[in-house]
Ligand SMILES: Nc1ncnc2c1ncn2[C@@H]1O[C@H](COP(=O)(O)OP(=O)(O)OP(=O)(O)O)[C@@H](O)[C@H]1O
Ligand SMILES: [Mg+2]
């Protein structure tokens with residue numbers, strides 16, 4: 001917007017500009033002056049949109065420490081952005097090593113609580129009899145060995161974020177106690193009579209099939225609904241193929257010694273990375289790259305450094321339909337990786353039509369970035 005005015009009052013002009021007008025000038029219109037102003041407006045507009053596009057590209061390939069450019073990771077990034085501005089509980093699901101803890105930390109560090117503690121507690125790693133005092137703390141003399149008062153993890157997270165990792169492992173009895181806490185954010189330390197109010201944001205994660213735990217009665221439905229106000233699912237790495245090399249490159253950089261130039265990854269090694277199934281997900285990829293960076297002697301990381309054979313794991317069952325689907329999924333992934341997301345070419349390689357391939361992509365819920 002360019003304001004042309006008959007009113008020479010500078011205050012009105014300033015006001016117009018502060019409200020978003022690009023420029024202003026007073027009548028009568030001098031065509032040369034107008035040309036110059038328009039030229040500059042176009043120039044600024046181009047710069048602005050270039051900057052925005054660049055910003056967006058940078059943003060889409062990573063979010064804090066999280067790397068990823070696949071559509072699903074895109075969705076995860078925007079979910080993190082949205083929930084970070086609120087205090088709603090989030091449940092993060094996904095196989096082991098998919099980045100659940102990293103997502104929880106990203107939510108915390110993008111929230112207003114970022115300067116307060118992020119306290120993780122692994123609900124699967126602590127023996128059941130210690131879990132309650134670990135979560136809620138205890139008073140001196142609450143039980144043999146309680147020589148002094150101790151705050152629990154919930155209290156330690158006051159003002160910040162409590163991360164309930166492997167929440168699917170929480171024993172039923174403690175699920176009840178946790179639920180009670182989540183209803184009013186008040187707790188009593190073990191052996192304590194004083195009620196303590198705690199201000200925490202709760203994020204939980206599990207690699208278990210929580211729906212199955214619910215149906216088997218091993219996870220309380222009421223607790224589930226409290227925790228999963230927003231659910232974020234992290235797909236396994238084999239379902240976001242276009243992230244593998246991107247994340248691998250980020251790990252090469254991360255594990256290169258300070259001051260050294262990060263090595264490139266050879267084409268052969270890239271193919272090996274793309275062909276592998278990554279049952280251990282991003283964690284396995286990180287270990288693999290860390291080792292390769294250490295082993296590698298030349299200017300680039302080779303397939304030998306990576307040490308990966310395209311895998312053919314033993315079939316999980318002899319059911320022919322399952323085996324067929326398994327191989328179908330694998331071949332489709334490889335064809336897409338090989339053709340860098342070009343669906344027509346991938347369909348050609350597979351001997352399928354494009355619509356058939358799209359149908360299969362949908363069936364197997366394979367996410368990819370179309371080239
Ligand atoms: N998208 C990603 N970009 C970069 N690094 C990642 C990404 N996802 C995971 N990682 C890294 O992979 C490793 C495993 O991630 P994390 O510990 O968050 O997984 P997890 O889902 O909590 O696994 P588990 O269920 O085994 O606890 C970490 O070192 C983490 O930094
Ligand atoms: Mg974890």
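GNM on the chain, alpha-carbon springs under 10 angstrom: the most fluctuating residue among 156, 350, 285 is 350. Highest mean packing first, where packing is the average number of other Cβ atoms within 10 Å per residue, the peptides 205-211, 147-153, 43-49 line up as 205-211, 147-153, 43-49.
Could I have the simple spin-label model distance between residue 96 and residue 255, label points 7 Å from Cα toward Cβ, reported in nm to one decimal? The modelled label-to-label distance comes out at 1.9 nm.
Ranking request for peptides 158-168, 113-123: highest mean number of other beta-carbon atoms within 10 Å first, then the rest in descending order. Don't jump to the answer; show the numbers that get you there.
On the way: 158-168: 21.9, 113-123: 16.9.
Ranking the peptides 158-168, 113-123 by packing returns 158-168, 113-123.
Multiply the residue separation of residue 283 and residue 48 by 0.36 nm, subtract the distance between their alpha-carbon atoms, and state the gained length in nm to one decimal.
Details: separation 235, 0.36 × 235 = 84.60 nm, distance 3.84 nm.
So the extension gain works out to 80.8 nm.
Look at the alpha carbon pairs under 8 Å that are at least 6 residues apart: their mean separation over the length of the chain gives a relative contact order of 16 percent. Given a Förster radius of 56 Å and the C-beta distance between residue 40 and residue 75 as r, what FRET efficiency does 1/(1 + (r/R0)^6) yield to the nearest 0.05? Given R0 = 56 Å and the Cβ-Cβ separation, E is 0.90.
Per DSSP H run of at least 4 residues, take -39500 (n - 2.57); add these up for the chain, divide by its residues and hand me the 222 nm value, nearest 500 deg cm²/dmol.
-14500 deg cm²/dmol
Separation of the stretch 213-260 and the stretch 145-211 by C-alpha centroid, Å? Taking the Cα centre of the stretch 145-211 as reference, the centre of the stretch 213-260 is 23 Å away. Between the beta carbons of residue 176 and residue 233, assuming R0 = 22 Å, the FRET efficiency works out to 0.25 to the nearest 0.05.
What full-extension length gain, to one decimal in nm, is calculated for residue 185 and residue 331 as 0.36 nm per residue of separation minus the Cα-Cα distance? Working shown, then result.
Details: separation 146, 0.36 × 146 = 52.56 nm, distance 5.03 nm.
Using 0.36 nm per residue and subtracting the Cα-Cα distance, I get 47.5 nm.
Each 10 Å bin from 0 upward holds the following percent of the Cα-Cα pairs of the stretch 2-61: 21, 37, 24, 14, 4, 0.
Descending by average beta-carbon neighbour count within 10 Å, the peptides 127-134, 30-37 line up as 127-134, 30-37, the highest first.
Note on residue 128 and residue 212: the model spin-label points, each 7 Å out from Cα along the C-beta direction, lie 2.1 nm apart.
When the Cα atoms of the chain are aligned to their principal axes, the ranges along those axes come out at 90, 62, 46 Å in descending order.
No value in this document is a laboratory result; all are computed from the given coordinates. Note that this is a predicted model, so its numbers are computed, not measured. Glycine also receives a Cβ, built like all others from the backbone with ideal geometry; neighbour counts cover every protein chain displayed.
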